[in-house]
Amino acid sequence: MYRTHYVSELSPEMDGQEVVIAGWVHEVRNIGKIVFILLRDRSGIAQVIGKEGVVSDDIIKSMNLPKESVIRIRGTVKRSSESKAGFEIVPLEVKNLNPLEAAIPFEVTGKVAAEIDVRLDNRQIDLRRIETTSIFNIQSTILNSFRSTMLREGFSEIRTPVLVEAATEGGADLFTVDYFEKKAFLAQSPQLYKQLAVVGGMDRVFMVVPVFRAEKHNTVFHLNEVTQMDAEMGFADHKDAIKLLKKVVKGIINDVAKKNGMDLERLNVSLSKPVIKEITYKKALGLLNANGSELEFGQDLNREHEEALCRLLGELVVVKEYPSSVRAFYSMPNERDRSVCNSFDLIYKGLEISSGAQRIHIPETLIQSIKEHGLDPKEFEFYINAFRQGAPPHAGWSLGLERLTMKLTGMQNIRECSLFPRDRIRLKP
Ligand code: ATP
Ligand code: MG
């Protein structure tokens, strides 16, 4: 048995109990004659004090345990007012499980800041920083919360292919792969497939999928491999989709606040109760222009505009009914106001985290929109034909996992929020 308890499961009330803990040497501290080992596991740090143990100060000193050695300690819990946790571990046995053979490339304790590139090059070491683990604990809650809301709302989880024959969002920004005698692409989005699942009668589907964007930008908001949480629903318009998105995002924020208290504390983040405002593109334009912008109808909102909207309206803002020209060709024109379409974005703390729309399910309207977007309907024949055999009105959205994680954890760089990020130059580890 490698452990009986995680460090966080120990308490002063266990005084006298024998336990086995395992993890890494955070530090060995020599204070005068006393020697401490700080043992760190994923849950926290325990103080092991040699003074009275069978494994005495001198034995610990002679063991040579550099920082980040992987160890197991059998010992007794001892109540102690001198330790912050209210207890210490008196060691009966200390075992070095795999003596270090290579130097640790940076200080895991965070006492000396390491460059993000060095940390990412050594992600397995970076994860030993308790803050890094916390980001991914939060990400795990996001994924679980998304799944449980969607299941509760009557959606089925589906898988969609990553290898595809044609673009769904237009030709640019695709990664090409050799596919036997042909070329294939890595999917930019599961758009077509989730629509087909709805058209097929599944009606309410969701998925968590990797998507690939061969965009050459190098920003702190973009990755080239992204994880999207996607939803698509039949017999629905953009307002139904917005309602669902709000429920999902509020659920995620509430779940993280409830389940990741310790992680948020480590990251020094406090989350306020989620309130989501809604505004049309036209009204947003008026509001922004009244506050110093010079936007004209038909211009897309850029990051500064999105930041300004959050300053003016609140942390979470849905902007809906954008002009068709700035949205994907499959966005449904608005019935009452043909100059806009039934599309929307969710902005969180100044950053777009989700996009969605009611889709065009009428083949003729779709062909017209494809042409208006400067694309060739011939290239979308399969997609268009899918709507000729009884396709219901439908709507959906995608929510970017890494961007949402970024805003929830207060990170400044999206690379912090992908376990093994892929960017313009990074392809390993
Ligand atoms: P942007 O304009 O900000 O580059 P987008 O509008 O091209 O993003 P969508 O196609 O709407 O992105 O994708 C849906 C969601 O997926 C986005 O709202 C975002 O959360 C996430 N996403 C898309 N592309 C990226 C990317 N390159 N890096 C990180 N997240 C992304
Ligand atoms: Mg978008």
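No lab work stands behind these numbers, since they all come straight from the coordinates. Nothing here was measured: the structure is a model prediction, and the numbers come from that model. Methodologically, a virtual Cβ is constructed for each residue, glycine included, from the backbone with ideal geometry; neighbour enumeration extends over all protein chains shown.
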Q | Unit charges on C-beta of K, R, D, E only; dipole of the chain, Debye | A | 740
Q. What ranking, highest mean first, results for peptides 11-19, 343-351, 204-212 when packing means the other Cβ atoms within 10 Å averaged over each residue?
A. 343-351, 204-212, 11-19
Q. Taking Rh as the Kirkwood radius, which is the inverse of the mean 1/r over Cα pairs, what is the Rg/Rh value for the stretch 278-429?
A. 1.03
Q. If we restrict to alpha carbons, what Rg and Dmax does the stretch 287-329 come to, in Å?
A. 10.8, 31
**Q.** Under the Debye formula (equal points on every Cα, no solvent term), log10 I(q)/I(0) of the stretch 138-286 at q = 0.10, 0.11, 0.14, 0.15 Å⁻¹
**A.** -0.47, -0.57, -0.89, -1.00
Q. So what's the gap between the Cα centers of the stretch 319-338 and the stretch 381-405, to the nearest angstrom?
A. 15
Q: Among the trypsin sites (Lys or Arg not before Pro) in the stretch 350-429, which ones are in a DSSP loop with at most 13 other Cβ atoms within 10 Å of the Cβ? Mind listing them?
A: 388
Q. Once you have the alpha carbon radius of gyration of the stretch 226-334, what is it after dividing by 2.2 N^0.38 Å, with N set to its residue count?
A. 1.26
Q) Restricting to the stretch 132-212, what percent of DSSP beta bridges are antiparallel, rounded to 5? A) 75
(Q) What are the extents of the Cα atoms of the stretch 25-93 along their three principal axes, in Å, largest first? (A) 27, 27, 21
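For the chain, list the DSSP H helices whose alpha carbon atoms reach 24 Å or more along the long axis and whose average Kyte-Doolittle value is 1.6 or above? If you can, show how the numbers build up before the last one.
On the way: long enough: 130-152 (33 Å, 0.18); 238-259 (31 Å, -0.19).
Counting only whole DSSP H runs, no helix qualifies.
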**Q.** Calculated on alpha-carbon atoms, Rg and Dmax of the chain in Å
**A.** 26.6, 84
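Using the reciprocal of the averaged 1/r over all distinct C-alpha pairs, how large is the Kirkwood radius of the stretch 134-198 in Å?
Details: mean 1/r = 0.0701 Å⁻¹.
This gives a value of 14.3 Å.
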**Q.** For the stretch 272-362, convex hull of alpha carbons as volume per residue, Å³
**A.** 92
